[in-house]
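Note sheet for the following structure.
The values are calculated or read from the model by the stated rules, or taken from the named source; none is laboratory data. Keep in mind it's a predicted model, so treat the numbers as computed, not measured. Ideal geometry is used to build each Cβ from the backbone, glycine not excepted, and the neighbour counts take in all protein chains shown.
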Amino acid sequence: MTFIDEHKLHTILENTASPSASAVAGILEKGRRLEGLSPEEAFLLINTVGQDAGKAIVETASYIKNAIYGDRLVFFAPFYLSNYCVNDCEYCGFHASNKSPRKKLTLDEIREQVGFLIDMGHKRLLLELGEDPNNNSIDYLLEAIDAIYSVKSRKGEIRRVNVNIAATTVGNYKLLKSKGIGTYQLFQETYHRETYEAIHKGPKSSYERQLYAMNNAFEAGIDDVGLGALFGLYDWRFEVLALITHARFLANTFGIGPHTISVPRFRPASTVEMPPAHPVSDNDFLKLIAILRIAVPYTGMIITTRERPEIRETAFRTGITQTSAASSTAPGGFGKKNSKESQQFELADKRSLDEIAASVMNQGFTPSFCTACYRKNRTGNAFMDLAKPGDIKEFCQPNSILTLMEYLEDNASLESRTIGLDMIKKSLSEIDNATIRKRTEERLERIKHGERDLYF
């Protein structure tokens, strides 16, 4: 028996009646108070029909996002170290029975790839690699992290390394913590046990190992963790309720909810024959993002370049606070073209970082490369204490401006620089605290004169 009570969740799903307008209004008002939602309340929003109700849900999600995080949108890059894997997961391009070429980056190749990423403008990475005790040992990962942090260039450095690796031991999580990682991220893929066990072969086939990985991470001292489900493997409504349940379990057990929730939607890969068993429409996908934002208001929500630009742009307005940009899902994929056969999955947004940055600024969002909370120890409980009432925005707003100025000075095209300077001017005017606004203006001048890595 786990904290995911499938019988209870399916019982909730069996209620097909549309909620009353007053019930929906009450739930949305609770959402606006930043109180979050129970699975039962979230499902009432899932069951809403009609254009007016849908509009109200989206408007509430947008309000919550802005109340807590403001207009900033954090950028990161996934960084694949190796596609060796002993698991044979049916949906993944790295599955063990795949006979395509395998690649594991050397430390020199890692440093070279990091150089490409720094030159683009990236400051934070999400490390990815398959589960393979021989090829992808914990020692290799620790050496890789050291190599990444060692790269310094005229255009900056990587300031935060997040990690997405297979569930492991408390001891290994402690080793990762000692290397200065940020968030530990792991997706359940699907919370539906029968589906999970049917599509996973290898060590990852243990449902409990996957589900309780965050418990081990917390025990090891990692206090920022990231949840997610791969939408398309099972009924998206069930996955949303399960994600909310998981978030509440962590908050009740450890006093700290998930730092992030990711919403990857099934994407094809050249070596994957499995179609999504439960395809998620664009409308349902955007709806689930909005509902998760209302249900778990404090969490960062992540969308990746799996999605088309137009879907991503709508999602940014709906509740997303973090996004990948200029991604590659193949080891060694930056700075060169790679065979599709070496990719974990196909990308739908292939624009450059600069193109995406210009696009989001034109939509009114501030691209942020900020890593300040991690480096000021505003993690775990400290972060939650600021995020839950919406006070974290007091740091997010000026820090996003400062990192944007770095990007404009070091990496941006002329077009992006022009748009960005206007964005900074506008964003400065929106800082209510006169002291913080003045200190931000002073630091912007210091950045113009060559200083870097200034933050609140």
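Every listed requirement among (1) at pLDDT 95 or above; (2) more than 28 Å from E394 (Cα to Cα); (3) exposed (fewer than 15 other Cβ atoms within 10 Å of the Cβ) is met by R33 save one, (2).
Selection of helices (runs of 4 or more DSSP H) fully inside the stretch 10-129 by the criterion of at least 2 residues being out of contact with any helix residue (DSSP H, G or I) (no Cβ under 8 Å at 6 or more places or on another chain) and touching a residue at least 24 places away in the same chain (Cβ under 8 Å) returns 107-120.
Contact map, the stretch 432-456: residues that are outside the structural domain of R159 (by TED's automatic domain parsing) paired with residues that are polar (S, T, N, Q), Cβ distance under 6 Å, separation 6+ or inter-chain. Pairs shown: Y455/N399; F456/N399. Taking the condition of being surrounded by 19 or more Cβ atoms within 10 Å (Cβ to Cβ), among the hydroxyl-bearing types (S, T, Y) and more than 29 Å from R452 (Cα to Cα), how many residues in the stretch 150-194 meet it? Counting residues in the stretch 150-194 that are surrounded by 19 or more Cβ atoms within 10 Å (Cβ to Cβ), among the hydroxyl-bearing types (S, T, Y) and more than 29 Å from R452 (Cα to Cα) gives 4. Being farther than 16 Å from H95 by Cα and hydrophobic (A, V, I, L, M, F, W, C) is the filter here, so list the residues in the stretch 196-211 that pass it. If the condition is that a residue be farther than 16 Å from H95 by Cα and hydrophobic (A, V, I, L, M, F, W, C), then L211 is the only one that fits. A Cβ distance below 7 Å, combined with a sequence gap of six or more or placement on separate chains, defines the contacts here; from the stretch 413-430, residues that are on the phi < 0 side of the Ramachandran plot reach residues that are exposed (fewer than 14 other Cβ atoms within 10 Å of the Cβ) in the pairs I419/N362. Only residues that are surrounded by 17 or more Cβ atoms within 10 Å (Cβ to Cβ) and of a type in the set (F, W, Y): list them for the stretch 140-149, please. Scanning the stretch 140-149 gives a single hit, Y140.
Conditions (1) under 21 Å from G364 (Cβ atoms); (2) in the same structural domain as H200 (by TED's automatic domain parsing); (3) surrounded by fewer than 23 Cβ atoms within 10 Å (Cβ to Cβ); (4) in contact (Cβ under 8 Å) with a residue 60 or more places away in the chain, marked per residue:
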site: F254; (1), (2), (3), (4): no, yes, yes, no
site: V272; (1), (2), (3), (4): no, yes, yes, yes
site: P279; (1), (2), (3), (4): no, yes, yes, no
site: P331; (1), (2), (3), (4): no, yes, no, yes
site: F334; (1), (2), (3), (4): no, yes, yes, yes
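Find all pairs meeting these conditions: Cβ atoms under 6 angstrom apart; at least six residues apart or on different chains; first residue within the stretch 341-366 and under 26 Å from V272 (Cα atoms); second residue hydrophobic (A, V, I, L, M, F, W, C) and at pLDDT below 95. Close Cβ pairs satisfying both conditions: S342/A330; Q343/A330; Q344/F94; F345/A269.
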